[in-house]
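Notes follow the structure.
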Amino acid sequence: MPPKFRGRSYNTIDSKGRIHLPARFRDVHKELDEPRLMITNEMSCLAVYPYQDWEKKEAQIWERYEHEQDEEILDYVRFYLSAAVEAPLDKQSRLLVPVELRNLAKLEREVVLIGMFTRFEIWSRSIWKEREGHIRDNYKEITRKVFSRS
């Protein structure tokens, strides 16, 4: 089984847009033996993929929506794919987040990195706090929804 990004890490982003990856994320990254990472936007955060997983995701999207005519679906594809940038780690294991993506995700100094198995997410700490509150307030309903899917 391939290594997975797991856990939650509270961190800071410096004035140049760099984030130190937590040790457990660096370990997964090293184990994958892939120096490149890809960053793109999600609705309220950024998603970071190892390059080979990003290529799979792109291929899935392209295969499914290559001939799509629905403008809303095409808007999603445009939004998601057009923001993607390659982001290798520097020698200090810092990830450089481009200013455009920092602005889209409303990242300020305090951030949260959330492990999501094959990728991890970067959240503004204040936005994550709101989201986490929603999750806690609706935990039973969310759990039922998750485990009722077949």
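What follows is calculated from the coordinates using simple rules that are stated; it is not laboratory data. This is a predicted model, so every value here is computed, not measured. Note that each Cβ is placed from the backbone with ideal geometry, even for glycine, and that neighbours are counted across all protein chains shown.
Peptides 129-136, 62-69, 33-40, 2-9 ordered by packing proxy, namely the average of other Cβ atoms within 10 Å per residue, highest first: 33-40, 2-9, 129-136, 62-69.
Counting only Cβ charges, +1 for Lys and Arg and -1 for Asp and Glu, the dipole size of the chain around its Cα centre is about 940 debye. State whether the stretch 27-110 is rounded, prolate or oblate according to the following rule on the C-alpha gyration tensor (a ≥ b ≥ c being the square roots of its eigenvalues): a/c under 1.5 gives rounded; otherwise a/b larger than b/c gives prolate, and the remaining case gives oblate. The shape class here is oblate.
Please report how far the C-alpha centroid of the stretch 104-140 lies from that of the stretch 1-56, rounded to the nearest whole angstrom. First find each Cα centre; the distance between them is then 14 Å.
Other residues with beta-carbon under 12 Å from the beta-carbon of PHE120 carry, at +1 per Lys or Arg and -1 per Asp or Glu, a net charge of +3.
Each principal axis of the Cα cloud of the chain was evaluated for its coordinate range; sorted largest first, these ranges are 43, 38, 35 Å. Computed on the Cα trace of the stretch 65-150, the radius of gyration divided by the Kirkwood hydrodynamic radius gives Rg/Rh = 1.04. The calculated 222 nm mean residue ellipticity attributable to helices in the chain amounts to -13500 deg cm²/dmol, summing -39500 (n - 2.57) over DSSP H runs of n ≥ 4 and dividing by all residues. In the chain, Cα pairs under 8 Å separated by at least six residues give a relative contact order of 35 percent.
Considering only alpha-carbon pairs that sit under 8 angstrom and 6 or more positions apart, the relative contact order computed for the stretch 29-86 is 43 percent.
The alpha-carbon of LYS91 sits under 17 angstrom from the alpha-carbons of these aspartates and glutamates, leaving out residues fewer than 8 places away in its chain: ASP14, ASP27, GLU31, ASP33, GLU34. Of ALA105, PHE147, SER44, which is farthest towards the positive pole of the chain's charge dipole, taken about the Cα centre with +1 and -1 on the beta-carbons of Lys, Arg and Asp, Glu respectively? Working it through, the farthest residue towards the positive pole turns out to be PHE147.
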